Amino acid sequence: MLYPVNLLKITYLKTPNMNLSKTFTLCLIILASMASQAAFAQLSRSERTELLKEIKAFKRNPEQLKNMKQEDAKLNTDLENARVSTLNKKSELNKLNQELSKKDEAIEALQERLRKLRGEMGEVNAARQGRGGSDCEFSVQIGAYENRDLTQYMDNNPNFMVEQSNGLKKYILGYFTSYWEAKSFSKYLDQGGAQSYVVGYYKGIRVPDLKDMTQCTF
């Protein structure tokens, strides 16, 4: 049995129209890439007949082949765009996971720092005992969280306090009658990676802005 491409080549030599011949040649290339002689031999007689009919149809109407190629090219372009979009989304997801991992590591580091600070309070003169009787008091706020609960690390330590305001839990360290002592303690914490700042109290009530503590001496 003859390989169908050989039959098509004979037909091609008889085609006077060069443009049609070039288009038909593309058809031959596509068909040749799709089926080897062994594969063609495995087709049933009816399947081979249908294949030859399709080849003849492409010969009579090369525009159909052109449209098929254009549709195939569009599908390949859409597929490539979808692949690139998927890769971009995976990259964004990996970036978000990395950022989340870094934040979790920072929180863990802060928690570890807080555990160590319980044993270091005496070294930085931050004990509450013996500092009563002053209207002006200062502490250091080390964080404010909506859903993060650090009270498990307090262990009833009088130097570790929590205030709740506007849906936030504000964590406070130290008890000072001197602003500069509190400021020095804040700098000490920041050296360990914290982002702290001094907060003030007048007669036990927190003052939103230290500039409003005009009754106190800084």
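The values are calculated or read from the model by the stated rules, or taken from the named source; none is laboratory data. The structure presented is a predicted model; accordingly, all values stated were derived computationally and were not measured. Neighbour counts are summed over all protein chains in view; Cβ atoms, including those assigned to glycine, are modelled from backbone coordinates with ideal geometry.
Could you please let me know if residue 99 is in a helix (DSSP H, G or I), out of contact with any Pro (no Cβ under 8 Å at 6 or more places or on another chain), at pLDDT 90 or above and among the charged types (D, E, K, R)? The answer is no for residue 99. Can you confirm whether region 193-203 contains a residue that is without any contact (Cβ under 8 Å) to a residue 60 or more places away in the chain, of a type in the set (D, E, K, R) and not in a strand (DSSP E or B)? For region 193-203, residues without any contact (Cβ under 8 Å) to a residue 60 or more places away in the chain, of a type in the set (D, E, K, R) and not in a strand (DSSP E or B): absent. Check region 121-130 and report whether any residue there is modelled with pLDDT of 75 or more and crowded, with 17+ Cβ neighbours inside 10 Å. Scanning region 121-130 turns up no residue that is modelled with pLDDT of 75 or more and crowded, with 17+ Cβ neighbours inside 10 Å. Against the condition within 50 Å of the chain's Cα centre (by Cα) and either of a type in the set (Phe, Trp, Tyr) or at pLDDT 75 or above (or both), how does residue 61 come out, does it pass? When the stated conditions are applied, residue 61 does not pass them. Among the residues of region 136-166, those identified as of a type in the set (Phe, Trp, Tyr) and in a strand (DSSP E or B) are 138, 145, 160.
Restricting attention to region 186-218, the residues that are over 25 Å from residue 166 (Cβ atoms) and touching a helix residue (DSSP H, G or I) at 6+ places or on another chain (Cβ under 7 Å) add up to 4.
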